[in-house]
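Read through the structure below, which is laid out as structure tokens, and then see the notes.
The values are calculated or read from the model by the stated rules, or taken from the named source; none is laboratory data. Remember, it's a predicted structure, so these values are computed and weren't measured experimentally. Please note: Cβ atoms are built from the backbone with ideal geometry, for glycine as well, and neighbour counts cover all protein chains shown. What goes into the accessible areas is simple: the full protein's heavy atoms, side chains included, and nothing from ligands, DNA or RNA. Shrake-Rupley method; radii C 1.70, N 1.55, O 1.52, S 1.80 Å.
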Amino acid sequence: MDYNLLEDRKFEKIHTIIQENSNTASLFVANEIAGLIQQKQKEGKKAVLGLATGSTPTKVYDYLVQFHQEGRLSFKNVITFNLDEYYPMEPNSLHSYVRFMKEHLFDHVDIEPENVHIPDGNISSDEIRDYCQDYERKIENVGGIDIQILGIGRTGHIGFNEPGSALNSKTRLIRLDRVTILDAASDFFGQENVPKRAITMGVGTILSAKKIILMAWGEGKADVISQSVEGPIKESIPATFLQHHPNCDFVLDDASSSKLTRVQTPWLVTECKWDDQLIKRATIWLSERLEKAILKLTNEDYNEYGMGNLVAEVGSAEQINLKVFNQLQRTITGWPGGKPNADDSQRPERGNPHPKTSLIFSPHPDDDVISMGGTLLRLVDQGHDVHIAYQTSGNIAVFDDEVIRFLDFAATVQKDNVEMDKKLKEVRAFLSSKKPGQVDSAEIQNFKGLIRRGEALAACRYCGVDEKNAHFLNLPFYETGTVKKKPHSEEDIKITYDLLNKLKPEQIFAAGDLSDPHGTHRVCLEIIYQAIELLKKNRAEWINNCYVWLYRGAWQEWEVADMEMTVPIGPKDMARKKNAIFKHQSQKDSAMFPGNDEREFWQRAEQRNKETANRYNALGMAEYEAMEGFVRYHFNFN
């Protein structure tokens, strides 16, 4: 469905443009900006841009740099004003937005240095008020901002305008919200290292721009986007103030738009063209909304919630209910590798061949057991040849003290080993003087990777996976020593391709958990997809008989309507799953990158698995302790 062509958007108070993914959405925004710059050049005028930082606009800047390098775009007539900066912050710091803008845009285009304005995080506190007023005057003196681009925080903040910011607020020093600090903690290698204040343009400053484009990518932004676009205006969600602006666009990818009414429940907005998937989604939604099992829904229930035309098309509520009930029931299987010597026509996996070679891709060394540990155990118990490919080393997620602890142990075991004692002293000296965010030496990165490797092998042994079936790919894109990774390359794809072609699995499991805050899961999945495409191109016959299943659980869960295989987990296997997660001791109690959920990963996994089971039960399915859900990736064989 092309959501941008729907005429009826009665729930939306801000104009929204939905693109398939963040790449196409970023190109759309880059073209808007380039168009403005070129139009102003023709008129002999300056183009004034309000710019944002963070992960959201980086691809937009990449495209603008590309346009410039191709000779299509000059920045000679461009004046920029950045939204914000941490305070205090040295301009050459790893975390400085000055450095960010230089690395992502300014160092690669022909903009005049005097035309660049970024809040100064290094001024004295008694100068801030005058400085902020001068920042406002500079914007006014150039005629105001033509296009202001924005991201959006989980609290709904725009710039660093936290909940409680006033509609008419101007550039000022503010104190960061606890949630904002938590979300930034991983970039600063610890919550304690995040500055507690920032200088930001105000809501009033932003609203004075002639045009505003707010961008959001990923499932993690879906809730706040829905509230900002469709909810009431309130200070607790500053982005809702954008409803006041006469020329504001929200540019979204499919994932971030998923909670908008016209996407999530289009039958409430307009007449729908019903297919099996939409019928399933609508029926589950109605069942949960009314807290009635699917088989208890009536014609009147469907009519009352905008689905009268569905009943008219199908014939009756009873027919719809039975259809969806059977669809859901068929997703449930205790045989994730397929049940041998059984009719598999109504099962999600094939019975033959049995046993299968099952390859589980784990972006980090613990995603396998966190997200599909119960299914992994079931595959092993049922005799399949289970392999696990750990795609990255996970080394940046290990606390420094873990390195000292392991080296202390090694030095104690090897008493009087001069070389080991020397190594321990060197590591202690480096780590004691290490600044927040400073990149570890290659040697310490290797030590941290070995710690994660040892934990992964311990989990394999516990689950019954042969150690020789653990494959540590150490994909090069990840190995930067920092949160920011390199773009993936042909080398990453070749490593993955070679493993796939060597094992020739009948089924692949991969992480579809794309809300991972730093995008590693997303990159790892794209590498797998590209390796599969290469296998098809090279006519590898075995790939045509391989099923690819996507799991979630570390950061989010699939919607029940999307699940195509669900594996029940009993109390005993849930305990085994948690024990497997506990083998990853460096991530226990306090993970380096917890994301926006402060609970431990085993707690998240247990709650999500139990919640899935509860939802199935409420819909009228059998009652289970917990369930893991999967979506099948249907790739094109042509």
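Where strands (runs of 3 or more DSSP E) fall wholly inside region 139-213, the ranges with 1 or more residues that are within 18 Å of Ala52 (Cβ to Cβ) and open to solvent by 50 Å² or more (accessible area, probe 1.4 Å) are 172-175.
Screening Asp440, Asp498 for residues that are over 19 Å from the mean Cα position of the chain (by Cα), more than 24 Å from Phe630 (Cβ to Cβ) and part of a loop (DSSP other than H, G, I, E, B) leaves exactly one candidate, Asp440. Screening Ile532, Ile527 for residues that are open to solvent by less than 20 Å² (accessible area, probe 1.4 Å), closer than 30 Å to Gly218 by Cβ, over 20 Å from the mean Cα position of the chain (by Cα) and of a type in the set (Val, Ile, Thr) leaves exactly one candidate, Ile532. Annotation note: of Lys468, Lys485, Lys494, the sole residue that is modelled with pLDDT under 95, out of contact with any Asp or Glu (no Cβ under 8 Å at 6 or more places or on another chain) and among the basic types (Lys, Arg) is Lys485. Candidates are the residues of region 288-338 that are in a loop (DSSP other than H, G, I, E, B) and open to solvent by 70 Å² or more (accessible area, probe 1.4 Å); the one that is farthest from His384 (Cα to Cα) is Glu291. Against the conditions (1) part of a helix (DSSP H, G or I); (2) of a type in the set (D, E, K, R); (3) free of Cβ contacts under 8 Å to residues at least 12 places away in the same chain, Asp344 satisfies every one except (1). Given (1) of a type in the set (A, V, I, L, M); (2) within 17 Å of Gln445 (Cα to Cα); (3) touching an Asp or Glu at 6+ places or on another chain (Cβ under 7 Å), where does Val398 come up short, assuming only one miss? Answer for Val398: the failing condition is (3). Taken together, the residues in region 186-222 that are farther than 15 Å from Glu162 by Cβ and modelled with pLDDT under 95 amount to 14.
Taking first residues from region 64-76 that are under 18 Å from Lys42 (Cβ atoms) and partners that are among the hydroxyl-bearing types (Ser, Thr, Tyr) and at pLDDT 95 or above, the Cβ contacts under 8 Å between residues at least 6 apart in sequence or on separate chains come to His68/Ser74. Out of Trp274, Trp217, one residue alone is within 19 Å of the chain's Cα centre (by Cα), open to solvent by 10 Å² or more (accessible area, probe 1.4 Å) and of a type outside the set (Gly, Ala, Ser). It is Trp217. Of the numbered criteria (1) among the small types (Gly, Ala, Ser); (2) open to solvent by 30 Å² or more (accessible area, probe 1.4 Å); (3) at pLDDT 95 or above, the one Ala613 fails is (2). Every listed requirement among (1) within 19 Å of Asn23 (Cβ to Cβ); (2) touching a Pro at 6+ places or on another chain (Cβ under 7 Å); (3) hydrophobic (A, V, I, L, M, F, W, C) is met by Ala511 save one, (1).
Has region 153-162 got any residue that is under 30 Å from Ala397 (Cβ atoms) and free of Cβ contacts under 8 Å to residues at least 40 places away in the same chain? No, every residue in region 153-162 fails to be under 30 Å from Ala397 (Cβ atoms) and free of Cβ contacts under 8 Å to residues at least 40 places away in the same chain.
Of all residues in region 242-254, exactly one satisfies the criterion of being open to solvent by less than 10 Å² (accessible area, probe 1.4 Å) and outside any strand (DSSP E or B), namely Leu242.
Report the residue count in region 411-435 for those that are loosely packed, with under 14 Cβ neighbours inside 10 Å and either closer than 15 Å to Gly190 by Cα or aliphatic (A, V, I, L, M) (or both). The qualifying residues number 4. Looking only at residues in region 593-608 that are surrounded by fewer than 18 Cβ atoms within 10 Å (Cβ to Cβ) and at pLDDT below 70, the one that is nearest to Asn579 (Cα to Cα) is Asp597. Candidates Phe361, Phe399: the one that is open to solvent by 40 Å² or more (accessible area, probe 1.4 Å), closer than 26 Å to Arg453 by Cα and touching a residue at least 60 places away in the same chain (Cβ under 8 Å) is Phe399.
Right, Ser258: surrounded by fewer than 22 Cβ atoms within 10 Å (Cβ to Cβ), of a type in the set (S, T, N, Q) and outside any helix (DSSP H, G or I) or not? Criteria met by Ser258.
Within region 369-399, the residues that satisfy the criterion of being in a helix (DSSP H, G or I) and within 18 Å of Tyr478 (Cα to Cα) are Asn395, Ile396, Ala397.
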